[in-house]
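Computed from the coordinates by the stated procedures, all read-outs in this text should not be read as laboratory data. As the structure is a prediction and not an experimental result, all values here were calculated from the model. Cβ: placed from backbone, ideal geometry, glycine included. Neighbour counts: every protein chain shown.
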Amino acid sequence: MRKHWVSGMLVVFLCGCGGGRNEKASPSADKRSAKGAPALKVSRDNPCSVMFPTEVEQILGVRSDLREIMDEVTCRYHFEQAGSGQSKPGRDETFIEVKVHWTDGRTAVTAARLAGKLLGGTSSGFEKLPGIGDEAWMAPMASYLAFSKGDAGVEIDMRMMPGEKEKAIRLAKLIASRL
């Protein structure tokens, strides 16, 4: 059973496939606390509950006002198209994708590294990152970051914004602080 799961993870990693319920994150996650700061309630039922679009916007420096639940573990944070002033799903969309695996997190991290080895040989180019969860790895060009913390595993797909290593690390640290 685990072998099939790892194979499935490999296919998803290699082709970038994702499901698509195209639902917006729960509006209750955006309620504000009494102090005016956003009240965040992380939920295992909502992969978009680990970060607000405004937090993603602040870290990446790109306007993001839409987050979309793609499946039970995947959330997409969409960004404005240059000059369009719009942030919506489409063929030429710009987004990052965050997957939160609440169980078997180490397996998700291992699957990502194995996929990298298949693509890049024994020197897959994955860099071990200290200070994020229990174990963290980043793919070449900062296009992908995976980490585990406890039993949870998180994948951050930054292929639409490659080369943003420090920003990807900041996103990962923010999510890790909430697991």
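A Förster distance of 25 Å, applied to the separation of the beta-carbon atoms of residue 106 and residue 170, puts the FRET efficiency at 0.65. Work out the FRET efficiency for residue 42 and residue 118 from their Cβ-Cβ distance, taking R0 = 35 Å, and round it to the nearest 0.05. My answer for the efficiency is 0.60.
Full extension from residue 72 to residue 54: what is 0.36 nm times the residue separation minus their Cα-Cα distance, to one decimal in nm?
4.3 nm
Highest mean packing comes first when the peptides 127-136, 145-154, 96-105 are listed by Cβ atoms within 10 Å, giving 145-154, 96-105, 127-136.
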